[in-house]
Amino acid sequence: MLESVREWLQERRNYSLFILHPNSRVREIFHNINDHRLFELAHTLLVLLSCSMVCVENPDLSPEIRWKLDVASVIITIFFVLEILVKVIGDGLVCGAMPYLQSPWNIFNVFLVVVSLVDIVYMMAFPYRPRILKTLKILQLFRMMRMMTESIMMNTVLEPLVDAVSGSISAVATLTIIIMFLYSFLGVQLFKGSFYYCEGSNLANIRTKADCLNAGYQWLRKPYDFNSVPFGMLTMSIMFTMDGWSDIMYNGINSVGVDQQPVLNNRPWVAIVFVSFMWLSFFLADMFIGAATESQQYFLIRRREQLWSLPRFETRRT
């Protein structure tokens, strides 16, 4: 009995759902539906709509808007269920030349559809939805990523970017981290415990933390400091983005020491440390851009060579 079942399954391994022959007219129809431009257009529009619905979610939505979003969610879920059925009937589920569940993206899509179906059931049967369902629905944004990876135009951008990240950009990133670590270590030696200040009404006689607290004032820490190497790395990361780096530099210039009230222009020479890092950050940013640009150009040259190596081009040249 088991042997006959095994033979039957072996004979039908290329059948869709072990029922439809590879040359079945039904499978051909579903293949044509899947490849039709209108079907692809509807898929793209509904992916964009589902991502937009995730973005507009907020607790202050009116009941009317909430109802419209729920109806749209049901329609989108029905379409994605039909999409799965079309592809499963056309390509097969787990057996065949290119079964549906062979692709990790398709497995992920099935998971998203199951989450949406469970969400619809809760919406109809219960007055509330579990928080986990709301969180998992955010994963629908990954459908946008899949759509981007399937786009030829986006592949022209994404593929060289991935190659650059795994190659030259990773080397530049390593160099950047090393430089930031060295500067953060230097910052700890120069500014540890000195990025604090006293907040009060009369600071003329305030020199230390003790004076500040004895006067009934507050001893506060600057937003970014060099109290440790990790904090220093965070500070250097903020400076690398060139966002408020001059404020951090002036905090260093005005610093005095541990538990000391800052004094205006107390150490002007430390500006060399911050300015030199900013100069290096300019060069490092240019290196990142150059690595990405070089990878893009190399990808386009390689793609052009691949196109010219196709047989149809060889025939035209001869």
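The values are calculated or read from the model by the stated rules, or taken from the named source; none is laboratory data. Everything numeric in this text was worked out from a predicted model, so none of it was measured. Counting neighbours? That spans all protein chains shown, and the Cβs are built from the backbone with ideal geometry, glycine included.
Listed here are the residues, each with its yes/no results for (1) exposed (fewer than 15 other Cβ atoms within 10 Å of the Cβ); (2) in a helix (DSSP H, G or I); (3) on the phi < 0 side of the Ramachandran plot.
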| residue | (1), (2), (3) |
| --- | --- |
| V188 | no, yes, yes |
| C198 | no, no, yes |
| L203 | no, no, yes |
| I206 | no, no, yes |
| W219 | no, no, yes |
| M249 | no, yes, yes |
| L264 | yes, no, yes |
| F277 | no, yes, yes |
| A285 | no, yes, yes |
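Within segment 56-74, is there a residue that is under 20 Å from I29 (Cβ atoms), surrounded by 18 or more Cβ atoms within 10 Å (Cβ to Cβ) and of a type in the set (G, A, S)? So far as segment 56-74 goes, no, none of its residues is under 20 Å from I29 (Cβ atoms), surrounded by 18 or more Cβ atoms within 10 Å (Cβ to Cβ) and of a type in the set (G, A, S).
The lone criterion from (1) more than 23 Å from A173 (Cα to Cα); (2) touching a residue at least 12 places away in the same chain (Cβ under 8 Å); (3) part of a loop (DSSP other than H, G, I, E, B) left unmet by P223 is number (2).
When the criteria are applied in full, N214 fails the requirement of being surrounded by fewer than 18 Cβ atoms within 10 Å (Cβ to Cβ), in contact with a helix residue (DSSP H, G or I) (Cβ under 8 Å, 6 or more places away or on another chain), farther than 23 Å from A285 by Cα and free of Cβ contacts under 8 Å to residues at least 40 places away in the same chain.
Within segment 58-103, how many residues are of a type outside the set (S, T, Y), free of Cβ contacts under 8 Å to residues at least 40 places away in the same chain and not in a helix (DSSP H, G or I)? Reasoning before the result, please.
Going residue by residue through segment 58-103, those that are of a type outside the set (S, T, Y) are 58-61, 63-72, 74-76, 78-99, 101-102.
Checking the rest, the ones that are also free of Cβ contacts under 8 Å to residues at least 40 places away in the same chain come to 58-61, 63-69, 71-72, 75, 78-82, 84-85, 94, 98-99, 101-102.
Now restrict to residues that are not in a helix (DSSP H, G or I): 58-61, 94, 98-99.
Selection size over segment 58-103: 7.
Got a sec? Which of E83, E64 is more than 30 Å from the chain's Cα centre (by Cα) and either modelled with pLDDT of 75 or more or among the aromatic types (F, W, Y) (or both)?
Working: E83 fails: more than 30 Å from the chain's Cα centre (by Cα).
Among E83, E64, only E64 is more than 30 Å from the chain's Cα centre (by Cα) and either modelled with pLDDT of 75 or more or among the aromatic types (F, W, Y) (or both).
Evaluated against (1) of a type in the set (D, E, K, R); (2) surrounded by 13 or more Cβ atoms within 10 Å (Cβ to Cβ); (3) not in a helix (DSSP H, G or I), D243 falls short on exactly one condition, (2). Report every pair of residues separated by at least 6 positions or lying on different chains whose Cβ atoms are under 6 Å apart, first residue within segment 125-152 and assigned to a helix (DSSP H, G or I), second modelled with pLDDT under 70. As it stands, the answer is M148/M154, since those pairs meet every condition given.
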